[in-house]
1. Work from the charge dipole of segment 369-433 (Cβ charges, +1 for Lys and Arg, -1 for Asp and Glu, about the Cα centre) and give the residue of T370, P427, T380 farthest towards its positive end.
2. For a protection proxy built on the mean count of beta-carbon atoms within 10 angstrom, sort 337-346, 58-67, 154-163 highest first, please.
3. Restricting to DSSP H runs of at least four residues, report the calculated mean residue ellipticity at 222 nm for the chain, -39500 (n - 2.57) per run over all residues, nearest 500 deg cm²/dmol.
4. So, by mean Cβ neighbours within 10 angstrom, what's the order for 310-318, 103-111 with the highest one leading?
5. What shape does the chain take by its C-alpha gyration tensor, where a ≥ b ≥ c are the square roots of the eigenvalues and a/c under 1.5 counts as rounded, a/b above b/c as prolate, and the rest as oblate?
6. Calculate the length of the line joining the C-alpha centroid of segment 32-108 to that of segment 369-431, in whole Å.
7. Give a quick list of trypsin sites (Lys or Arg not before Pro) in segment 383-469 that DSSP marks as loop, anything other than H, G, I, E or B, with at most 15 other Cβ atoms within 10 Å.
8. Would segment 64-106 count as rounded, prolate or oblate if I go by the C-alpha gyration tensor, calling it rounded below 1.5 in a/c and otherwise prolate when a/b exceeds b/c, oblate otherwise?
Amino acid sequence: MSASALPRVLILGAGFAGHTAALHLSHLVKGKAAVTVVAPGNRFTWFPSLIWVGTGTMSEEAVQFELAPVYEKLGFEYVNARAQTIAPDDRWVEVQAADGQQRRIAYDYLINATGPYLNFEGTPGLGPAAGHTQSVCSVDHAVAARAAYIESVARMRKGQRQRLVIGVGHPAATCEGAAFEYLMNVDADLRNRGLRDQADLIWLSNEPEPGDFGVDGVEARKHGAVVTGAALVRGLFDESHVRTLMAAGVTNVESGRLTYDQIGVDPATLDFDFAMLIPQFRGVPLKYIDKQGADITGAMTLPSGFMRVDADYASKTYDEYRAADWPATYRSPLYSNVYAVGIAFAPPHPLSKGKKSNAGTAIVATAPRTGMASGIMGRTAAYNVADQIGGREPTHHARMSEMPAACIASMGQSLWNGSAASIVMVPVARDFERYPTYGRDLNLCDLDVGLAGAWTKRLLHETFMWKLQAKPGWRMIPE
Ligand SMILES: Cc1cc2nc3c(=O)[nH]c(=O)nc-3n(C[C@H](O)[C@H](O)[C@H](O)COP(=O)(O)OP(=O)(O)OC[C@H]3O[C@@H](n4cnc5c(N)ncnc54)[C@H](O)[C@@H]3O)c2cc1C
């Protein structure tokens, strides 16, 4: 078959989900499909190590690689552009390159893996561009955070006590795990510099309690007893003299002062010298149109901008949530050739229990879609597209209520005196029908803290940077 007659697979986004889908398609549909990847910015970013860029213990070059050579090696077309409009009836996507040039790319199968839109505007005054706080959600942000942090360190050296507020910057933010890692790495870095006693460290989070991480916490069976992530994180905070503001949502930021709303108390303000606060994530703004050009974005996405897939989006109370609510194939219910994976798909509900503050603000940690989960979803979408190209119905599923998650939360990068919390949960979204007591298999869940985790985290960086560049043997490395 000539290349122009092959089915066309279009992947939007080259992050954890999209790039993993591309890697798998390279062997699943080799010679049977033409694959195009669209992503702005030319480079892949290994997000887990941005916390080290943000504290100055790793260079920005070490966390990125060029995408074009990898796609050339895989035999795929790579388009350095941003998707803007999707026409699922006519099967094309309009993209815009950095120089403003627009073009339409036709497809037979589409995988939307565009990740998060960082909604700094959701909290007035938040963010490094137009606001007063730092972020570690992109390479540029981590570099700016590092500069601001080093300035704060310089002030400590002059004997000026500094208040560093780290956590999330919106009542419905997610990604608390990354903020926690940044906090603990700042703590470790200040100790190494002999300056820890010059800093007040405050953890500000929308989680109901420490160690929730937006997944309703984690428990593990250890030596005949059940240990909890909450106890572990509380212990770490106590040991490191970290003050906590839990179940709190930042609603406004001015220079050196933020306002937050908190469950059970009235809104309050907090002064800071340095703040790293993760913004709310929304879906990347994409417009969907039908055959007549009418806007069907509302039917394709939830108000959050994330794309609807094969989940149960019926309105339910927290206690009514079920494992089966979570999507299995990540296919659009409206278009059987369209998928959304990673942060781009709309979760049916939060995993963590939220509440309303006295002022009426809903404070709830949104369900995270971590790198491992995003990679598994990308792989699943690739296998399902391959099924369809082979004339079969999609057979692969990866519900978050079935899949495991392993997280290594760094608490200091050093391979000599660093540390990390290693957390394993099976499954991510609790399934009380299968595991009536905890909703998870506690024999498979695990919690540990120590130097071994620091080695594992570093090893993950090296191994995945190898795998994601499709270097020899990459298929042996799991998501
Ligand atoms: C500081 C930090 C630390 C983290 N640490 C961990 C960790 O230790 N472990 C873990 O499992 N997870 C971690 N995460 C979470 C992990 O990075 C995310 O879960 C993961 O990146 C989500 O994958 P994704 O593919 O959905 O989105 P992304 O990886 O963000 O990829 C999105 C892709 O879409 C592209 N894109 C955006 N807009 C468009 C558009 N309009 N058109 C086309 N392409 C577009 C982007 O350029 C990018 O290529 C961390 C996150 C952060 C911020």
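Throughout, read-outs are computed from the coordinates displayed, never taken from laboratory work. Everything quoted here is computed from the prediction, not taken from an experiment. Cβ coordinates were reconstructed from backbone atoms using ideal geometry, including for glycine residues, and neighbour counts include every protein chain displayed.
1. After comparing all options, I get T370.
2. 337-346, 58-67, 154-163
3. -7000 deg cm²/dmol
4. The packing order, highest mean first, is 103-111, 310-318.
5. prolate
6. 21
7. R392, R434
8. Verdict is oblate for segment 64-106.
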